[in-house]
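*Asks:* Can you keep this structure in mind? I'll have questions shortly.
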Amino acid sequence: MKTLLILGGGTAGTMVANKMSHHLDPLEWRIIIVDENETHYYQPGFLFIPFEIYSPSDVVKPKRDFYPSNVEFVHSQIEIIEPDDNRVRLTRDNRAIDYDYLVIATGSRIVPEETEGLTDNGWRENVFDFYTLEGATALNRFLKFWKGGRLVLNVAEMPIKCPVAPLEFLFLADWFFHERGIRDKVELVYATPLPGAFTKPKASSILGDMLKDKNILVEPDYMIMEVDHDKSVIRSYDEREVPYDVLVSVPVNMGSEVIDRSGMGNELSFVPTDNHTLQSENWENVWVIGDAADVPTSKAGSVAHFMLDVLIENMLRHMEGLDPLPKFDGHANCFIESGFENGILIDFNYDVEPLPGKYPLPGFGPFSLLKESPVNHWGKMMFRWIYWNVLLKGGEMPFESQMTMAGKWN
Amino acid sequence: MTTKEFAGATMEVNEEGFLVDPQMWNKDIAVAIAKEEGIDELTEDHWKVIEFCRQSATDNGAAPTLRQITSGTGITTKELFKLYPKGPAKKVAKISGLGKPEGCV
């Protein structure tokens, strides 16, 4: 009996379990998935919680509801991965699992302790994150009764999970404070380590104009050094002080601690992975999917989905003694909520930046690329249903894994 | 493509002033670019960072990010900002004759 072991039962790991359970003969293979957490979070939904568009119950379901019945689920922390010995040790019952193939899908997490002063006295009082359910819920409680002031959103360091989320947060904040009738009393500031609104030039300029139109101030090239809670300012390495009444932080993102403990990670504990085959750079029976990989594209569920078919095909090829194919192109696509029931969609890969156009059907859409439209907003709203009912279960989606230039213009 | 003269040699540079071909780089050019960037003298610590960046780019095909520099050289971010004020990752990449760091996606 051979073993396929999947570490992490989030978006990526669950999709791999579902797909692989169809491909592998149960008389020959056992599939095991390990996760320390019983709850599956619909992470894109965290963004909506501070603004009362979603409540916590909208974004949680039991993980086990999404695993296929022929997969063994082990609820345990992972103590260490020993890739030279093809073995993973778990904390629960000191169990050790020997594997033939390993899929690492341990994701990324926020590490607020990396920024000096961030978790001091004000943490979750007037300093919040929205990348955890606790953070998003605490921020909702704060904003509910807030009378206005200066809200600063700071991104500590790139890369972060879902690089458009900070922009969406600001667009939604602008809308939310309008609805509450206090937009005039609120100053919105975006302090980012990037030179502008986004990482790629064309999108950066269009999104930058939107920030300007919505009267959101940008503090570019801002590398935060510390949070000074007593003075209510953040300070950058080049000694720019930005005062705040409420600070919303996107802290440093890192891979799982077990990656670091096992000596398998880079300087941010992400796993060195071939950009195009998704095979680990160091062990040929180790494969990496989703946020855990160090590949230079966005960390997002859509990317994990586009990685999925490439990863599955390459593992199956490898099992047959064939070389993996370099088919992953860094494809990402993201709905950006822009407030007032509008949204923007962007579609890009390693080589091609987000461009205007129509998606997924060239010339028709129904979604507009790099442009605000109500249809894009409804796409994002519908996506939660698709996520729970189709995507996680490994169902077919009406898009190709590889990006296409059809329907786009420069 | 524009050209620019550094230390008596004519170099191709992109619109942001980064050398187009890292192979054309040498230490005299580094000193000249550093002067333009407001760094009058390159100390031993400056060179330590430059050498790390050159090596890292040879190994990985791209200029390192700020965090790769700090974890690779042991120099803290604060010290790095003193050596290369404002944006150190970008500045040191320029002085090292490398492309702009693409750490962010």
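The values are calculated or read from the model by the stated rules, or taken from the named source; none is laboratory data. All values reported here derive from a predicted model rather than from experimental measurement. Neighbour counts run over all protein chains shown; Cβ positions are idealised from the backbone, glycine included. The accessibility values were calculated without ligands, DNA or RNA, using every heavy atom of the protein model including side chains. Shrake-Rupley method; radii C 1.70, N 1.55, O 1.52, S 1.80 Å.
*Asks:* Checking A:ILE6 against (1) in contact with a helix residue (DSSP H, G or I) (Cβ under 8 Å, 6 or more places away or on another chain); (2) within 30 Å of A:ILE336 (Cα to Cα): exactly one of these is not met. Which one?
*Replies:* (2)
*Asks:* In the range B:14-32, which residue that is aliphatic (A, V, I, L, M) and over 18 Å from B:ALA57 (Cα atoms) is surrounded by the most Cβ atoms within 10 Å (Cβ to Cβ)?
*Replies:* Selected residue: B:ALA32.
*Asks:* I'd like the full set of residues that are under 30 Å from A:ASP347 (Cα atoms) and among the aliphatic types (A, V, I, L, M), limited to the range A:140-166.
*Replies:* A:LEU151, A:VAL152, A:LEU153, A:VAL155, A:ALA156, A:MET158, A:ILE160, A:VAL164, A:ALA165
*Asks:* Residue under question is A:ASP309, and the condition is that it be under 13 Å from A:VAL16 (Cβ atoms), open to solvent by 30 Å² or more (accessible area, probe 1.4 Å) and not polar (S, T, N, Q); does it hold?
*Replies:* Taking the combined requirement at face value, the residue satisfies it.
*Asks:* Scan the range A:300-322 and tell me whether some residue there is of a type in the set (Ser, Thr, Tyr) and part of a strand (DSSP E or B).
*Replies:* no
*Asks:* Another question about this same structure. Test each condition in (1) open to solvent by 40 Å² or more (accessible area, probe 1.4 Å); (2) in contact with a Ser or Thr (Cβ under 7 Å, 6 or more places away or on another chain); (3) not assigned by TED's automatic domain parsing to the domain that holds A:GLY10 for A:ASP260 and report the one that comes out false.
*Replies:* The number of the failed condition is (3).
*Asks:* Looking only at the range A:132-154, decide whether some residue is β-branched (Val, Ile, Thr), within 14 Å of another protein chain (Cβ to nearest Cβ) and within 23 Å of the chain's Cα centre (by Cα).
*Replies:* Checked against the condition, which is being β-branched (Val, Ile, Thr), within 14 Å of another protein chain (Cβ to nearest Cβ) and within 23 Å of the chain's Cα centre (by Cα), the range A:132-154 yields no hits at all.
*Asks:* Follow-up question, since we're still on this one. Considering each residue of the range A:245-257, count those that are of a type in the set (A, V, I, L, M), closer than 17 Å to A:GLU157 by Cα and open to solvent by less than 10 Å² (accessible area, probe 1.4 Å), and give that number.
*Replies:* Number satisfying all stated conditions: 4.
*Asks:* Assess whether A:SER298 counts as being in contact with a strand residue (DSSP E or B) (Cβ under 7 Å, 6 or more places away or on another chain), under 26 Å from B:ASP59 (Cα atoms), open to solvent by less than 10 Å² (accessible area, probe 1.4 Å) and among the small types (Gly, Ala, Ser).
*Replies:* For A:SER298, the condition - in contact with a strand residue (DSSP E or B) (Cβ under 7 Å, 6 or more places away or on another chain), under 26 Å from B:ASP59 (Cα atoms), open to solvent by less than 10 Å² (accessible area, probe 1.4 Å) and among the small types (Gly, Ala, Ser) - is met.
*Asks:* Can you tell me which of (1) of a type in the set (D, E, K, R); (2) open to solvent by less than 30 Å² (accessible area, probe 1.4 Å); (3) within 18 Å of the chain's Cα centre (by Cα) is the one A:GLU157 doesn't meet?
*Replies:* (2)
*Asks:* Inspect all residues belonging to the range B:40-53 and state whether any of them is touching a Lys or Arg at 6+ places or on another chain (Cβ under 8 Å), open to solvent by 30 Å² or more (accessible area, probe 1.4 Å) and within 28 Å of A:ILE224 (Cβ to Cβ).
*Replies:* No, the range B:40-53 contains no residue that is touching a Lys or Arg at 6+ places or on another chain (Cβ under 8 Å), open to solvent by 30 Å² or more (accessible area, probe 1.4 Å) and within 28 Å of A:ILE224 (Cβ to Cβ).
*Asks:* Looking at B:LYS91, is it modelled with pLDDT under 95, within 14 Å of another protein chain (Cβ to nearest Cβ) and surrounded by 13 or more Cβ atoms within 10 Å (Cβ to Cβ)?
*Replies:* Criteria met by B:LYS91.
*Asks:* Take the conditions among the aliphatic types (A, V, I, L, M) and more than 11 Å from chain A (Cβ to nearest Cβ) and apply them to B:ILE33. Does it pass?
*Replies:* Here the answer is yes, as B:ILE33 does meet what is asked.
*Asks:* Would you point out the residue of the range A:25-59, among those that are touching a helix residue (DSSP H, G or I) at 6+ places or on another chain (Cβ under 7 Å) and hydrophobic (A, V, I, L, M, F, W, C), that is nearest to A:VAL88 (Cα to Cα)?
*Replies:* Per the criteria, the residue is A:ILE33.
*Asks:* Answer with yes or no whether A:MET403 is in a helix (DSSP H, G or I) and of a type outside the set (Val, Ile, Thr).
*Replies:* no
*Asks:* Please go through the range B:48-88 and pick out each residue that is touching a residue at least 40 places away in the same chain (Cβ under 8 Å) and within 11 Å of chain A (Cβ to nearest Cβ).
*Replies:* B:ALA62, B:TYR84, B:PRO85
*Asks:* Out of A:VAL288, A:VAL271, A:VAL295, report the one residue that is of a type in the set (A, V, I, L, M), free of Cβ contacts under 8 Å to residues at least 60 places away in the same chain and either under 19 Å from A:VAL88 (Cα atoms) or touching a His at 6+ places or on another chain (Cβ under 9 Å) (or both).
*Replies:* A:VAL295 is the lone residue from the list that is of a type in the set (A, V, I, L, M), free of Cβ contacts under 8 Å to residues at least 60 places away in the same chain and either under 19 Å from A:VAL88 (Cα atoms) or touching a His at 6+ places or on another chain (Cβ under 9 Å) (or both).
*Asks:* Give me the strands (runs of 3 or more DSSP E) completely within the range A:4-90, filtered to those with at least 1 residues that are among the hydrophobic types (A, V, I, L, M, F, W, C), closer than 21 Å to A:GLY394 by Cα and open to solvent by 10 Å² or more (accessible area, probe 1.4 Å), ordered by residue number.
*Replies:* Answer list for the range A:4-90: A:29-35, A:60-62, A:71-75.
*Asks:* Could you check the range A:98-131 and list, in sequence order, the residues that are within 20 Å of A:ASN282 (Cβ to Cβ) and surrounded by fewer than 19 Cβ atoms within 10 Å (Cβ to Cβ)?
*Replies:* A:ASP98, A:ASP100
*Asks:* Of all residues in the range A:206-229, which are of a type in the set (Asp, Glu) and modelled with pLDDT of 95 or more?
*Replies:* Within the range A:206-229, A:ASP213, A:GLU219, A:GLU226, A:ASP228 meet the criteria.
*Asks:* Considering only the range B:50-102, state which residues are among the hydrophobic types (A, V, I, L, M, F, W, C), closer than 19 Å to B:PHE6 by Cβ and outside any loop (DSSP other than H, G, I, E, B).
*Replies:* Across the range B:50-102, the qualifying residues are B:ILE50, B:CYS53, B:ALA57, B:VAL92, B:ALA93, B:ILE95.
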